[in-house]
1. Note down all Cβ pairs under 9 Å where the first residue falls in the range 90-103 and is among the charged types (D, E, K, R), the second is surrounded by fewer than 20 Cβ atoms within 10 Å (Cβ to Cβ), and they're at least six residues apart or on different chains.
2. Restricting to the range 268-291, what's the tally of residues that are in a helix (DSSP H, G or I) and hydroxyl-bearing (S, T, Y)?
3. Could you tell me which residue of the range 210-253 is nearest to E315 (Cα to Cα), considering only residues that are touching a residue at least 60 places away in the same chain (Cβ under 8 Å) and assigned to a loop (DSSP other than H, G, I, E, B)?
4. Check whether at least one residue in the range 301-319 is among the polar types (S, T, N, Q) and within 21 Å of P164 (Cα to Cα), and report yes or no.
5. Among the numbered conditions (1) within 22 Å of E280 (Cβ to Cβ); (2) among the aliphatic types (A, V, I, L, M); (3) part of a helix (DSSP H, G or I); (4) at pLDDT 95 or above, tell me where L265 comes up short.
6. If F246 satisfies every condition in (1) surrounded by fewer than 16 Cβ atoms within 10 Å (Cβ to Cβ); (2) modelled with pLDDT of 95 or more but one, which is the exception?
7. I need the helices (runs of 4 or more DSSP H) fully contained in the range 58-156, keeping only those with at least 1 residues that are of a type in the set (A, V, I, L, M, F, W, C), assigned by TED's automatic domain parsing to the domain that holds L274 and surrounded by 14 or more Cβ atoms within 10 Å (Cβ to Cβ).
8. Against the condition modelled with pLDDT of 95 or more, more than 20 Å from Y276 (Cβ to Cβ) and touching an Asp or Glu at 6+ places or on another chain (Cβ under 6 Å), how does A314 come out, does it pass?
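The values are calculated or read from the model by the stated rules, or taken from the named source; none is laboratory data. None of these values were measured; they are calculated from a predicted model. Note: ideal-geometry Cβ built from the backbone for every residue, glycine included; neighbour counts use all protein chains shown.
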Amino acid sequence: MKASRPVVLLLGPSRSAVSGVATHLNLLFASSLASDYELVQFQVGSEGRDESAIGRAWRILASPLLLALAIVRERAAIVHLNTSLNPRAYWRDLAYLLVAKACGARVVYQVHGGELPQKFLGAGPGAAFLRATLRVPDAIVVLSKEELQSYRAFVPAQTIAILPNGIDCAAYAGQSRAWGHTGRPLELLYVGRIAAEKGLYEALEALELARARGIPARLVIAGDGPERARLERYAMRLSIIDHVWFPGPVLGARKARLFRHADALLLPSYSEGLPYALLEGMAAGTPPIATPVGAIPDVVTDGVHGLLVPPRDAEAIAAAIGRLSADCATLGRMSVACRARIASAYSIERLASDMGALYAELGAARSIKALRGG
């Protein structure tokens, strides 16, 4: 028997995939949002699948029709599309967007990073096409203030809501931290996809610079991705391989232990949405050295919660490593500020409440002006 709660189809990768969107889905399914709405996943994308080239081609062709069948079968009131403004995600998800609207569902179009709309398809016909497609959803959800301003300028008549990611802070609340240890290396931690655009080559160069200046530091690069083998070879070339550890993907209690033992989180990405590693690390009291991209500067105040450095700047990263290595008192103050920041504004309870309010307004076909920050 179908539940009486409104049905929301959540589009995204396999919930077992190691990705930010999979984490987002799992948190929503485990939150109070699942008590008020019947959340049903519709899997898209290749993450978490083991399929042949023929199977992948068939899935891509058939999945829009399968989405239509799912909307009808589940009597879905809302389709929540989790996407990114990059070519692969945008063109794939455009088909889902059009199918959902054709089936009469209200659509939440949540953007998890990528290019800003003014840059994505360029000017002229490309911009006109993108603007037309961004008018199709009933609401666009973004993660950062920069994105909010950009999308408002690009599609001013559209409803744009800023709903930053949230995490389960309780998973990190009980972790005690001890500062003031002298004579041991500063423990740095990166958690995420191992790719060039994450700034990891600059991170290794910064570690080499720091150690050449007599600053004891070590770096853990946890995760997997296309650059892992090349990064290991680069660390050997820089003669710092003995001070770098690649443990592979980490989840659950193992990831929590890494956060607990790290002195600082290193996130030198060229671009971002709002990385869960940042929120989780700060909830565990681990101050970040991060680039001010995407929603990161919305979360991190330079000098209060951590240190912000320019993208692609190994020298700036090395200077930040030196500063934190020499000042345990600052690390301790930042750690306390990090915990308070995440608990106050980036909890899963806050996200579930805000997302539920957006769903309710869309389902009731009422104005959601209040959610637009206007």
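1. Note: pairs meeting the criteria are R92/I60; D93/S84; K101/V136.
2. Initially, the range 268-291 is screened for residues in a helix (DSSP H, G or I), giving 276-283.
With the extra rule that they be hydroxyl-bearing (S, T, Y), the set shrinks to 276.
Number of matching residues: 1.
3. The first filter runs over the range 210-253 and keeps only residues touching a residue at least 60 places away in the same chain (Cβ under 8 Å), leaving 210, 213, 215-217, 223-224, 249, 251.
Still in the list and also assigned to a loop (DSSP other than H, G, I, E, B): 213, 215-216, 223-224, 249, 251.
Numbers: R213: 12, I215: 13, P216: 16, G223: 24, D224: 25, P249: 28, L251: 31 Å.
Per the stated criteria, the residue is R213.
4. Pass one, the range 301-319, residues among the polar types (S, T, N, Q): 301.
This time we only want the ones that are within 21 Å of P164 (Cα to Cα), so: 301.
Yes, the conditions are met somewhere in the range 301-319.
5. Just one mismatch for L265, condition (3).
6. Condition not satisfied by F246: (1).
7. Values: elements: 87-102, 117-120, 125-134, 145-154.
Passing ranges: none, list empty.
8. Numbers: modelled with pLDDT of 95 or more: yes; more than 20 Å from Y276 (Cβ to Cβ): yes; touching an Asp or Glu at 6+ places or on another chain (Cβ under 6 Å): yes.
So A314 fits the description; yes.
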